[in-house]
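Down below is the structure, laid out as structure tokens.
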Amino acid sequence: MSDRVAVYCASQALYKHTIPAIKSMLMNGRPDRIYLLIEDDEFPEYLPPQVKTINVRNQPYFDLTGPNIQTVFTYMALMRAVLTKVLPDEDRVLSMDCDTLVVGNIDEVWDKDLGDYYLSATREPLKCRWDKMYYNTGVALFNLKAMREDGIDDELIELINSRKMVCPEQDALCIVCAGNIMEMPSDFNCNQYTPRTDDMRIRHHCGY
């Protein structure tokens, strides 16, 4: 069975929100290890040994004058599109937004067999069309091994650097990985955009 590996990407403005997010993961998610991608050499608060920080401030993947840098979203969110490169020794990770709280058992996510799918995420019905599915990647299980082998990461980088999008890395993932995204039950990404559920496991405080 694969290790349970979670990853968070936090800009300095989101550090304060990251603490309860990681605490909830440690308490209820029972991960083997957590990676925290940050903009500094050290995180300003105490972190337990299971959490390893990685400074990606000088990341080489996205041009800081590119079309998706100066948006309402921090460029740190784009790091989800290059986890294959930032975490070269990991084949599978659960990527979490900093505004999430693990409030129930998530063994079903950890144990999910992705097969050849690139990731698993919860769909956003209002953005889905008859010919196109759209997913919220604020909580997403990534098959980094498959993405790495098929060069998906390079496709994501090229798209994000060349075309302006509303939700840059999420839009890019939905475009590049179309047809290779396994649907995740909304229990694991409860927010205003995903289908309602009576069994909340992960609360995602996105939206208004």
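Filter region 158-175 down to residues that are of a type in the set (A, V, I, L, M) and crowded, with 20+ Cβ neighbours inside 10 Å and give me whichever is nearest to Lys112 (Cα to Cα). Write out each step before concluding.
First, pick out the residues of region 158-175 that are of a type in the set (A, V, I, L, M): 159-160, 165-166, 172-173, 175.
Of the ones still in play, those that are also crowded, with 20+ Cβ neighbours inside 10 Å are 160, 172-173.
Values: Ile160: 28, Ala172: 23, Leu173: 19 Å.
That would be Leu173.
Within region 12-23, is there a residue that is in contact with a strand residue (DSSP E or B) (Cβ under 6 Å, 6 or more places away or on another chain), assigned to a loop (DSSP other than H, G, I, E, B) and open to solvent by less than 10 Å² (accessible area, probe 1.4 Å)?
Among the residues of region 12-23, not one is in contact with a strand residue (DSSP E or B) (Cβ under 6 Å, 6 or more places away or on another chain), assigned to a loop (DSSP other than H, G, I, E, B) and open to solvent by less than 10 Å² (accessible area, probe 1.4 Å), which makes the answer no.
Could you please find all residues in region 187-202 being assigned to a helix (DSSP H, G or I) and open to solvent by less than 20 Å² (accessible area, probe 1.4 Å)? Break it down into steps so the answer makes sense when it comes.
Here is the first cut: in region 187-202, the ones assigned to a helix (DSSP H, G or I) are 187-188.
Of everything in region 187-202, just one residue is assigned to a helix (DSSP H, G or I) and open to solvent by less than 20 Å² (accessible area, probe 1.4 Å), namely Phe188.
Looking only at region 108-131, how many residues end up being open to solvent by less than 40 Å² (accessible area, probe 1.4 Å) and touching a residue at least 40 places away in the same chain (Cβ under 8 Å)?
So the first thing to find is which residues in region 108-131 are open to solvent by less than 40 Å² (accessible area, probe 1.4 Å), and the list is 109-110, 112, 114, 118-122, 124, 128.
Filter once more, keeping what is touching a residue at least 40 places away in the same chain (Cβ under 8 Å): 109-110, 112, 114, 118-122, 124.
Final tally of qualifying residues: 10.
If you go through region 49-57 one residue at a time, do you hit one that is without any contact (Cβ under 8 Å) to a residue 24 or more places away in the chain, farther than 23 Å from Cys206 by Cα, β-branched (Val, Ile, Thr) and assigned to a loop (DSSP other than H, G, I, E, B)? Don't jump to the end; show me each part of the working.
Filtering region 49-57 down to residues without any contact (Cβ under 8 Å) to a residue 24 or more places away in the chain leaves 49, 52-53, 55, 57.
Right, trim to farther than 23 Å from Cys206 by Cα and you get 49, 52-53, 55, 57.
Those still in the list that are β-branched (Val, Ile, Thr) too: 53.
If we keep only those that are assigned to a loop (DSSP other than H, G, I, E, B) as well, we get none.
No; the residues of region 49-57 include none that is without any contact (Cβ under 8 Å) to a residue 24 or more places away in the chain, farther than 23 Å from Cys206 by Cα, β-branched (Val, Ile, Thr) and assigned to a loop (DSSP other than H, G, I, E, B).
Quick check on region 27-50: of everything there that is open to solvent by 50 Å² or more (accessible area, probe 1.4 Å) and within 23 Å of Asn105 (Cα to Cα), which residue is farthest from the chain's Cα centre (by Cα)? I'd like the intermediate steps shown before the answer.
Applying the first criterion (open to solvent by 50 Å² or more (accessible area, probe 1.4 Å)) to region 27-50 yields 27-28, 30, 32-33, 41-42, 44-46, 49-50.
From the residues that got through so far, the ones that are within 23 Å of Asn105 (Cα to Cα) too are 27-28, 30, 32-33, 49-50.
Numbers: Met27: 19, Asn28: 18, Arg30: 18, Asp32: 17, Arg33: 15, Pro49: 22, Gln50: 19 Å.
Among them, the one singled out is Pro49.
Between Thr53, Thr74, Thr65, which is under 17 Å from the mean Cα position of the chain (by Cα), surrounded by fewer than 19 Cβ atoms within 10 Å (Cβ to Cβ) and modelled with pLDDT under 90? Full working, then the answer.
Working: Thr53 fails: modelled with pLDDT under 90; Thr65 fails: under 17 Å from the mean Cα position of the chain (by Cα).
Result: Thr74 is the single residue among Thr53, Thr74, Thr65 that is under 17 Å from the mean Cα position of the chain (by Cα), surrounded by fewer than 19 Cβ atoms within 10 Å (Cβ to Cβ) and modelled with pLDDT under 90.
One residue is enough: does region 163-184 have a residue meeting the conditions touching a Pro at 6+ places or on another chain (Cβ under 7 Å) and farther than 23 Å from Pro125 by Cα?
yes
Looking at region 125-156, which of its residues are modelled with pLDDT of 95 or more, hydrophobic (A, V, I, L, M, F, W, C) and either assigned to a loop (DSSP other than H, G, I, E, B) or more than 24 Å from Leu26 (Cβ to Cβ) (or both)?
Within region 125-156, Ala146, Met147, Ile152, Leu156 meet the criteria.
Identify the single condition in (1) without any contact (Cβ under 8 Å) to a residue 60 or more places away in the chain; (2) surrounded by fewer than 20 Cβ atoms within 10 Å (Cβ to Cβ); (3) of a type outside the set (Lys, Arg) that Val86 does not satisfy, given that it satisfies every other one.
Condition not satisfied by Val86: (2).
Thr122 versus (1) in a strand (DSSP E or B); (2) more than 16 Å from the chain's Cα centre (by Cα): which is the lone unmet condition?
Condition not satisfied by Thr122: (2).
Run Asp91 past the list (1) of a type in the set (Asp, Glu); (2) touching a Lys or Arg at 6+ places or on another chain (Cβ under 7 Å); (3) open to solvent by less than 20 Å² (accessible area, probe 1.4 Å) and report the number of the one that doesn't hold.
Tallying (1) of a type in the set (Asp, Glu); (2) touching a Lys or Arg at 6+ places or on another chain (Cβ under 7 Å); (3) open to solvent by less than 20 Å² (accessible area, probe 1.4 Å), Asp91 fails exactly one: (3).
The values are calculated or read from the model by the stated rules, or taken from the named source; none is laboratory data. Computed from a predicted model, the values in this text were never measured in an experiment. Quick reminder, even Gly has a Cβ in these numbers, built from the backbone with ideal geometry, and neighbours come from all protein chains shown. All accessible areas refer to the heavy atoms of the entire protein, side chains included, with ligands and DNA or RNA removed. Shrake-Rupley method; radii C 1.70, N 1.55, O 1.52, S 1.80 Å.
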